[in-house]
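The values are calculated or read from the model by the stated rules, or taken from the named source; none is laboratory data. Bear in mind that the values here come from a model prediction, so they are computed numbers and not experimental data. Note that each Cβ is placed from the backbone with ideal geometry, even for glycine, and that neighbours are counted across all protein chains shown.
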Amino acid sequence: MYSYIRLIFVFGALMTAANPACALKVEKPNHPGIFIYQNGAEFQVKNDTVFQLPRNPFSIRYFSRMWNEKAKKFYTAQIAGFVNKSEMLAVRTGMKTDLIPCFSPGTGMAPDRSGFYTEFIIRSYAHHYLLYENEQNRRVQLISAGRDFSYFDFAIASFYIDDMTYSVNDFPYPELFLVVFIDDNLNNRTDAGELTRFTIQFKA
């Protein structure tokens, strides 16, 4: 019996080697993860999860490669926010960015005069375009630099919507729907592992 089982195992291994299409495909995330940080605590974000947060400032933390002007490798994190859930759900894995209203060409918003986004801007057809090359060319805070992926902090203390600015505490909506897109292979497509959708519910 042992010899028979061993023969089947060897035969299966040979067939897999001869035909790579038979091999099991293990999907690997394109970046190490996204996190919510608030009041000294950090929570990992899984796709389509819901977080309940106090109405205090918070950060979106994420891993990404650095923007590389010399190599023409323009790595960024693109973050959009909505108050309508349907807009978040319309952004799906496998879509070309030119078919996504908030990520299509030209929808990346410029930062303010400080070089940062001092307000989180909520618009249906726009996103925050977060890059980091060095301390002179950046739109986000670097937490730690890595060989491949570095860790960044995008702080959110206020919101801008409908020509009005609100602190997190005074934000008039009970929920914020967020989409984070990190185009790790720079192909302008939301491939598996590159897109994360999640919801923040603000506690009363």
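For the stretch 140-148, does any single residue satisfy the condition of being among the hydroxyl-bearing types (S, T, Y) and either surrounded by fewer than 16 Cβ atoms within 10 Å (Cβ to Cβ) or farther than 23 Å from K73 by Cβ (or both)? Yes. Restricting attention to the stretch 56-84, and to residues there that are among the polar types (S, T, N, Q) and not in a loop (DSSP other than H, G, I, E, B), which single residue is surrounded by the most Cβ atoms within 10 Å (Cβ to Cβ)? Here the answer is S64. Considering each residue of the stretch 66-108, count those that are of a type in the set (F, W, Y) and more than 25 Å from E119 (Cβ to Cβ), and give that number. Selection size over the stretch 66-108: 0. The condition (being at pLDDT 95 or above, within 20 Å of V168 (Cβ to Cβ) and surrounded by 13 or more Cβ atoms within 10 Å (Cβ to Cβ)) is satisfied by just one residue among E87, E42, E119: E119. Say we look at the stretch 183-204 and pick out the residues that are assigned to a loop (DSSP other than H, G, I, E, B) and either of a type in the set (S, T, Y) or touching a helix residue (DSSP H, G or I) at 6+ places or on another chain (Cβ under 6 Å) (or both); which of these is farthest from G81 (Cα to Cα)? Of everything passing the filter in the stretch 183-204, N188 is farthest from G81 (Cα to Cα). Taking the stretch 149-193 as the range and being surrounded by fewer than 19 Cβ atoms within 10 Å (Cβ to Cβ) and farther than 27 Å from P54 by Cα as the test, the residues that pass are S150, D184, N185, L186, N187, N188, R189, D191, A192, G193.
Residue by residue through the stretch 112-126, note down the ones that are closer than 24 Å to T199 by Cα and part of a loop (DSSP other than H, G, I, E, B). Matches in the stretch 112-126: F116, Y117, T118, E119, I122, R123, S124, Y125, A126. In the set (1) in contact with a strand residue (DSSP E or B) (Cβ under 7 Å, 6 or more places away or on another chain); (2) farther than 13 Å from L178 by Cα; (3) basic (K, R), K85 fails one condition alone, (2).
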